[in-house]
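**Student:** Below: one structure in C-alpha cells.
The values are calculated or read from the model by the stated rules, or taken from the named source; none is laboratory data. Given the structure is predicted, the values throughout are model-derived calculations rather than measurements. Ideal geometry is used to build each Cβ from the backbone, glycine not excepted, and the neighbour counts take in all protein chains shown. Ligands, DNA and RNA are excluded from the accessible area calculation, which covers all protein heavy atoms including side chains. Shrake-Rupley method; radii C 1.70, N 1.55, O 1.52, S 1.80 Å.
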Amino acid sequence: MTAGGWVVLVASVGLVVALFAWCVWKVLTTPGESERVHGFEFETPDEKAEREAD
Amino acid sequence: MKGARAVQERWGSRLGVILAVAGSAVGLGNFLRFPGKAAEWGGGAFMLAYFVSLLVIGLPICWAEWTMGRYAGQRGYHSCPGILFCITGRGAAKYFGVIGVVIPVIIYMYYVYIEAWCLGYAVNFAMGAMSFRSVAEAGAHFSAFVGAGGDGSAVGFRADQVGIYLVLVFVLNFVLIYRGLAKGIEWCCKYAMPALIVIGLVVLVRVLTLGAPDAAKPHHSVDNGLGFMWNPTKVVLEERGADGAWARREELVGRSAIDAARAEAGSGESLRVREISPWESLWKPELWLTAAGQIFFSLSVGFGIILTYSSYLKRDDDVVLSGLAATSANEFCEVALGGLITVPAAVAFLGVAEVAGKGTFGLGFHVLPMVFCEMPWGPGFGFLFFLLLFLAALTSSISMLQPGIAFLEEALSIGRRASVSLLGFVTAVGSGFVVYFSKGMKALDTLDFWVGTFLIFVLATVQIMMFAWGFGVERGLAEAHRGSCLRIPRFFVPVMRYVCPLFLLAIFVMWLAIDVFGIHRVGAAPEMSGYIRDLFAAPVNPVAWMSVGLIAMVGGMVWLIVLASRAYRDPDREGGGK
C-alpha cells in the first residue's frame, strides 16, 4: 500500500470511528438520553394493544 | 454496593440502546457491496464522493425522515402515505406515499432470498461441506445453490440447496415480527448486534494478521489487498486494440508488479502502464452514482422504513441523535469492518487479478468462500463470516416488514395479526416468484433495478422536497430540535433546501442517461441498458415483464387501498399531537 493509501485508510476509518465513539459517548453521558434515543427496537402501539388484548 | 450496581445497570441499559440502534442500521451492503465498490473505484476518489454524498444527501434525508415520522406519528399516522399527507396537508401527497410501502415490501421479497444464501453458506461451512479448488469452482457451486442455471432449480430442500434455508428464514422473520417489535426486534438486536460486532472483530484481526499466506506468491498479501482497496491512485496495464483504443488488461498493485509491467510494456506501443488519479475518477458521473447509491442502500434512506419507525416515537424523543447514532454505527460497520475485511482477505489468498471486477455477489459468494477454503481454520472462519452476514441481513429484513404492516393496519383498520397474515401471504407469493425465476437471477436483478435503485431515488427526492419546501426547513429544524441534545448545524439549511434536491436531481439524470439509456459520454451513440432491452427489444424477456408486473400489481393494490381508505381524510386526525 502506498503512503497515500495509508492516509485515505486512516482518515476514513478514523472519521467513522470518531463519529461513532462520539455518539456513544453522547448517549452515555447525557442525562436521560438513553430513554430518548431509539433504533427500531421499541414496542409499537399496535403490538402493545394486541398483546394487552390477549 | 447498591449504588454501584444501579450505575452498572443504567450503563448496561444505555449500551443496550446503542446496540439496538446499531443493530437496526447494519445490513448486507456494509460487508459486501461497499468493499467491492470502493475497490473498483479506488479508495481516494470513492471515499471522497462517498463522504460528500453522506453529508449532502445521507444525513439530511435521514434527519428529515426521523423528523417527519415523529411529527406525523403524533397526529396518528404511521404509514408513508399517511405521513406524507400529514406533512403537506395535501391529498395528492398520499399517492406519492404509495412508493414508501412498495419499496420495503418488494425489497423484502428478494432480500430474504439473499439472507437465505448467507444462512445456507454458514450451515454448509459448519458442516464442512464447502471445499473448492478455484474461484470458478466456488462460482459454480453458488450458481447451483441459488438456481442460477435454470428456472425452478433453486426449489429444493437438500442441505446444498437454498430452498430449506429460505423457508427457515422466512418463518423466522415472521415469527419475530409476529411476536411484536419489543420481543422480536429488540431480542434480535440485543443478541445479534453484539454477536455481529464480536464476530466482525475476530475476523478482522484474523485477516489483518494473515500477511502473505503463500511464500511462493509474496504479492498475494494483506498489504496489497489494503492497497487495492485504499490506494488513491489506481495503476493499470492497458493494451491497444486493433482499432487503436486502449483497454484495461489488469490492475497493478505493489512496486514489483508495477515494475514488471513497465518492463513488459517497453516502449509503450501496444502496452502501457497508466496511473488513474482520484481527480480523473471524480469527473466520472458513474462514480458519484455509485457512491450515492451506496449511501442510500446502506443507511436505508428513501426506503420508507425510518418514516414508519420514527412515527412511533414520543413527542420529546431525540430524533437528531437517534439519526446520527444509527448513521455512525452503520458507517463504523461499513468502513471500519467491511472495508478492512473482505477485499484484503480475498487479495491475500487469490491476488488482485482474481478479485478485480467482481461484483457484490461475485466477491461475497465466489471469492470469499474460496478464501476460507485456503485459510487455516477456514471452515470456522467461513461459518463465522456468513453467520455475521446472516445476522446483519436478519435485522434489516425484519425492519422491512413494519412499514407494510403499519399501512395495512392504518388504511384497512385491521389488527396486527390480520395485517401480518396478509403481508405474509403477499411477500410469500413475491419471494416464491423470485426464487422460482432464478435463471440468471433475472427476477431478483429486475426488481432490484426498478425498486432498489429507481424508486428509492424517487422517494428520497419526494421526501426531501416535501420536508424542505412543503413543511419548510426552518419549521422542520425547529421540530427536529424538540427534545434533542444536539442542534443540526445551520450549514444544513441551504443543503436541505437547495443542494440536496439538486444533487439528487443531477444523480437521477445521470442514472437515466447512463444506466437506463446507456449514454456514457456526450456525443457517444446510446446503447440501451439491458433492463430496457429486456422489456422493449425483441425478443422481450418474459421474466423481466413479470417482475415489472409484480411491482405494478403491488403498487396498484396499495394505491387502490389508499384511494378507498377513510384513514386519509384529515391530516391531523388525532388533534395535533399528544
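**Student:** Just for helices (runs of 4 or more DSSP H) wholly inside the stretch B:260-361: which have at least 1 residues that are among the acidic types (Asp, Glu)?
**Tutor:** Ranges flagged: B:278-282, B:285-299, B:319-331, B:352-355.
**Student:** Based on this model, can you work out whether B:Trp288 counts as more than 10 Å from every other protein chain (Cβ to nearest Cβ), free of Cβ contacts under 8 Å to residues at least 24 places away in the same chain and under 28 Å from the mean Cα position of the chain (by Cα)?
**Tutor:** Considered against the rule, which asks whether it is more than 10 Å from every other protein chain (Cβ to nearest Cβ), free of Cβ contacts under 8 Å to residues at least 24 places away in the same chain and under 28 Å from the mean Cα position of the chain (by Cα), B:Trp288 comes out as no.
**Student:** Then there is this: When you check B:Val205 against the structure, is it without any contact (Cβ under 8 Å) to a residue 40 or more places away in the chain and open to solvent by 50 Å² or more (accessible area, probe 1.4 Å), yes or no?
**Tutor:** yes
**Student:** While we're looking at this one, here's another question. Just the residues that are out of contact with any Phe, Trp or Tyr (no Cβ under 8 Å at 6 or more places or on another chain) and over 30 Å from B:Ile551 (Cα atoms), please, taken from the stretch B:110-132.
**Tutor:** B:Asn124, B:Met127, B:Gly128, B:Ala129, B:Ser131, B:Phe132
**Student:** With respect to B:Leu502, is the statement that it is farther than 30 Å from B:Arg70 by Cα, assigned to a helix (DSSP H, G or I) and open to solvent by 20 Å² or more (accessible area, probe 1.4 Å) true?
**Tutor:** Considered against the rule, which asks whether it is farther than 30 Å from B:Arg70 by Cα, assigned to a helix (DSSP H, G or I) and open to solvent by 20 Å² or more (accessible area, probe 1.4 Å), B:Leu502 comes out as no.
**Student:** If you check B:Ile99, B:Ile185, which single one turns out to be modelled with pLDDT of 85 or more and either within 14 Å of chain A (Cβ to nearest Cβ) or open to solvent by less than 50 Å² (accessible area, probe 1.4 Å) (or both)?
**Tutor:** Unique residue meeting the criteria: B:Ile99.
**Student:** Taking the residues in the stretch B:481-522 that are touching a Leu at 6+ places or on another chain (Cβ under 8 Å) and more than 25 Å from B:Gly452 (Cα to Cα) as candidates, determine which candidate is farthest from the other protein chains (Cβ to nearest Cβ).
**Tutor:** The extreme case among them is B:Val493.
**Student:** Tell me, which residue of the stretch B:384-421 that is open to solvent by 40 Å² or more (accessible area, probe 1.4 Å) and closer than 12 Å to B:Phe174 by Cβ is modelled with the lowest pLDDT?
**Tutor:** If we take residues in the stretch B:384-421 being open to solvent by 40 Å² or more (accessible area, probe 1.4 Å) and closer than 12 Å to B:Phe174 by Cβ, then B:Arg417 is modelled with the lowest pLDDT.
**Student:** Taking the stretch B:11-52, which residues are in a helix (DSSP H, G or I), more than 8 Å from chain A (Cβ to nearest Cβ), at pLDDT below 80 and over 22 Å from B:Leu176 (Cα atoms)?
**Tutor:** Hit for the stretch B:11-52 is B:Gly12, nothing else.
**Student:** So which pairs qualify, if the first residue must be in the stretch B:453-478 and within 21 Å of B:Val548 (Cα to Cα), the second must be surrounded by fewer than 17 Cβ atoms within 10 Å (Cβ to Cβ), the Cβ gap must be under 9 Å, and the two must be at least 6 apart or on different chains?
**Tutor:** What qualifies is B:Phe454/B:Val516.
**Student:** Additional query: Would you mention how many residues in the stretch B:261-273 are open to solvent by less than 60 Å² (accessible area, probe 1.4 Å) and within 12 Å of B:Glu238 (Cα to Cα)?
**Tutor:** Result for the stretch B:261-273: 5.
**Student:** Scan the stretch A:34-47 and give yes if some residue there is closer than 30 Å to B:Gly44 by Cβ, at pLDDT 70 or above, more than 7 Å from chain B (Cβ to nearest Cβ) and in a helix (DSSP H, G or I), otherwise no.
**Tutor:** So far as the stretch A:34-47 goes, no, none of its residues is closer than 30 Å to B:Gly44 by Cβ, at pLDDT 70 or above, more than 7 Å from chain B (Cβ to nearest Cβ) and in a helix (DSSP H, G or I).
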